[in-house]
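J.: Below: one structure in structure tokens.
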């Protein structure tokens, strides 16, 4: 019995050491798991912010591109109307090279930007705007051209309202993410 009593401190020491080792291992795994989850969450936050920034930048650029497209469509309507007033006959005049190029570039630019936008209504309104602007260039008479020009203004107003709403929603989402 005396031999067993002398082993008791050694057994206690080994037991304590094993318990401490197991506890440290358990805590280490828990800390590692928490750190891994924190890294995942930080990555999700980073990607969400990047998506939000990308949408915001594209929406703002799209808004400016639509204004340039409308300007080109309006200039096209004006040139055709002035020619009609001179001659009394509706005939499509060749656009000056800079206006023709601006119209082409803005049609392409708004297409490129709109496909990046997540909001379906914005994409639809851009498509409607581009269609109406193109119809101005193809109009068969002054009344038709003016009708399409009014359509451009109406669609543009709806598009601006929708882009503003989407931008405000992005801001709201960003604020919720940090609170």
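J.: Which residue, of 71, 85, 56, 51, is modelled with pLDDT of 90 or more, in a helix (DSSP H, G or I) and surrounded by fewer than 10 Cβ atoms within 10 Å (Cβ to Cβ)?
T.: 85
J.: Now, a different point. What's the total number of residues in the range 69-118 that are farther than 15 Å from residue 152 by Cα, within 29 Å of the chain's Cα centre (by Cα) and without any contact (Cβ under 8 Å) to a residue 60 or more places away in the chain?
T.: Residues in the range 69-118 being farther than 15 Å from residue 152 by Cα, within 29 Å of the chain's Cα centre (by Cα) and without any contact (Cβ under 8 Å) to a residue 60 or more places away in the chain: 13 in total.
J.: Please list, ordered by first then second residue, the pairs with beta carbon atoms under 7 Å, 6 or more apart or interchain, first in the range 45-64 and free of Cβ contacts under 8 Å to residues at least 60 places away in the same chain, second surrounded by 15 or more Cβ atoms within 10 Å (Cβ to Cβ).
T.: 58/113; 58/117; 61/113
J.: May I ask you to verify whether residue 172 is more than 30 Å from residue 44 (Cβ to Cβ) and surrounded by fewer than 14 Cβ atoms within 10 Å (Cβ to Cβ)?
T.: For residue 172, the condition - more than 30 Å from residue 44 (Cβ to Cβ) and surrounded by fewer than 14 Cβ atoms within 10 Å (Cβ to Cβ) - is not met.
J.: In this structure, is residue 135 within 30 Å of residue 56 (Cα to Cα), in a helix (DSSP H, G or I) and modelled with pLDDT of 95 or more?
T.: Yes: the conditions hold for residue 135.
The values are calculated or read from the model by the stated rules, or taken from the named source; none is laboratory data. All values derive from a computational prediction rather than experimental measurement. Positions of Cβ are backbone-derived with ideal geometry, glycine not excepted, and every protein chain shown enters the neighbour counts.
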